[in-house]
1. Suppose we filter L350, L369 for residues that are buried (at least 22 other Cβ atoms within 10 Å of the Cβ), more than 19 Å from the chain's Cα centre (by Cα) and not hydroxyl-bearing (S, T, Y); which single one remains?
2. Looking only at residues in the stretch 123-135 that are over 17 Å from L328 (Cβ atoms) and within 21 Å of the chain's Cα centre (by Cα), which one is surrounded by the most Cβ atoms within 10 Å (Cβ to Cβ)?
3. What single numbered condition from (1) touching a residue at least 60 places away in the same chain (Cβ under 8 Å); (2) touching a strand residue (DSSP E or B) at 6+ places or on another chain (Cβ under 9 Å); (3) buried (at least 19 other Cβ atoms within 10 Å of the Cβ) fails to hold for F318?
4. Evaluate the following for N278: is it in contact with a strand residue (DSSP E or B) (Cβ under 8 Å, 6 or more places away or on another chain) and not hydrophobic (A, V, I, L, M, F, W, C)?
5. What pairs come up if the first residue lies in the stretch 389-411 and is closer than 20 Å to V268 by Cα, the second is aromatic (F, W, Y) and part of a loop (DSSP other than H, G, I, E, B), and their beta carbons are under 9 Å apart, counting only those six or more places apart or on different chains?
6. What number of residues in the stretch 413-447 are surrounded by 16 or more Cβ atoms within 10 Å (Cβ to Cβ), at negative phi and modelled with pLDDT of 95 or more?
7. Residues of the stretch 334-362 being of a type in the set (G, A, S) and closer than 14 Å to V301 by Cβ, which ones?
8. Given (1) surrounded by fewer than 21 Cβ atoms within 10 Å (Cβ to Cβ); (2) in contact (Cβ under 8 Å) with a residue 24 or more places away in the chain, where does A187 come up short, assuming only one miss?
Amino acid sequence: MDLLLRGGFLCDPSVKWVGPAEILIRHGLVEAVSRSIGPVDVPVLSLGGRTVLPGLIDMHVHLREPGMENKETIATGCAAAVAGGFTAVACMPNTSPPVDNKETVIYIKERAARTGLARVYPIGAITAGLRGRELSAMDELAAAGVKGFSDDGRPVSDSKLMLQVLRFARVLGLPILSHSEDLSLAAGGVVHAGATAYRLGLPVIPAAAEAAAVARDLLLQRETGGRLHLAHLSSKLSVSLLAWARQMGIAYSAEVTPHHLLLTEAAVDGFNTAAKMNPPLRDEADRAALREGLSNGLIDVIATDHAPHHAAEKEEDFKEAPFGVSGLETAFPLLFSHLAETGIVSLSRLVSCLSTAPARILGVPGGTLAPGTAADLTVIDTWEKREVNKGNLYSLGKNTPFHGWVLRGFPVLTLVEGDMKMCRGVVKGMNEDFDAVRETVLKEGRL
């Protein structure tokens, strides 16, 4: 739809704009951005000083479909995305069947188009069946539209095969999203090798399990000059390896999750399965190093690793409960409240890591509101405080360690190609009253 957003505060690091702005949208594109656009023949929506950002892009989510629809579907995952201000997500290939064939890629894209909420970019499997033994049909997957490759959850242990993967992906011009973990060191572990694990008597996953694999991947990247992206880093050791790689001129990109930036191993006290994740939450020194790496540019991206599970699964014994946390709907308010408002990371840096950098790495639209680009954006209310209630999440997975946290910075409007997908917390196609809310907002001319 055509629309003029007036009275907003724009933060768009892609064009170095931080300040008041009016944004004119026509035919799904940003037509103009200015401090004052003047009279126009389109509906006007006053934002009342709220903050406008390029649509957030999450390059690491698990939509679970096909095959695990009891945990999440493409529809519910996309609803969670736009509710959280994400206009696009890249979905991991560890579905059932895995995304190792063009038919599954086409299925995901068709389901996402039918849902009509966030943009969905499939990530293809590195190896056939995610078994780590032989390459998938990577060229076929690339032709079908995947935006990268990963064996997330089942890292490629064979170094010779990983070398081949990086070389082939370079030819295809697509990134490898590496779950860097030495399974021989991590085998059987469920929590970080720290004080909490020993107090609870739980088997551990040492930081060296991640760091050893990160070191290998960076060395292989140095050999190939491919496009290596290191997923969900969690340790001080890994950050130190990124600093070494930067000194050596090794090109890479890397991500960290909101939960690793905000929590430590203490969150699993009481055998709290909501805080069980892989890689595990680590200690305060690790958390501090991740924050520093984000601030100084060693880490480029914040991704949620949104991993929804059925409630019954997370109610199992701690050792048996699955890893993972639902993150799409809480990511931005958590990061805004605990990193931006506290001055640990600037708002511009936060937006770069959540929008501009993911768009660049994946080679997809978005990450900017420059004139002529798609009108994918989110509007944030930076004043209102709200309590996280897992029962109100659009995601089928209610597994969040942040239930009860009081935060600011919740999205109140999400547009994809200028079309309202979420307004005042109500998601199109998921709430019967969406049309009424949308019409009220447009009639009143204000959020």
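1. Result of the check over L350, L369: L369.
2. Applying the filter and picking the extreme gives I126.
3. (3)
4. So N278 fits the description; yes.
5. Sorted first by the residue in the stretch 389-411, then by its partner, the pairs are K390/F402.
6. 18
7. Answer for the stretch 334-362, where residues must be of a type in the set (G, A, S) and closer than 14 Å to V301 by Cβ: S352, S355, A357, A359.
8. (2)
The values are calculated or read from the model by the stated rules, or taken from the named source; none is laboratory data. What you see is a predicted model, and the numbers here were worked out from it, not measured in a lab. Every residue, glycine as well, gets a Cβ built from its backbone with ideal geometry; the counts of neighbours run over all protein chains shown.
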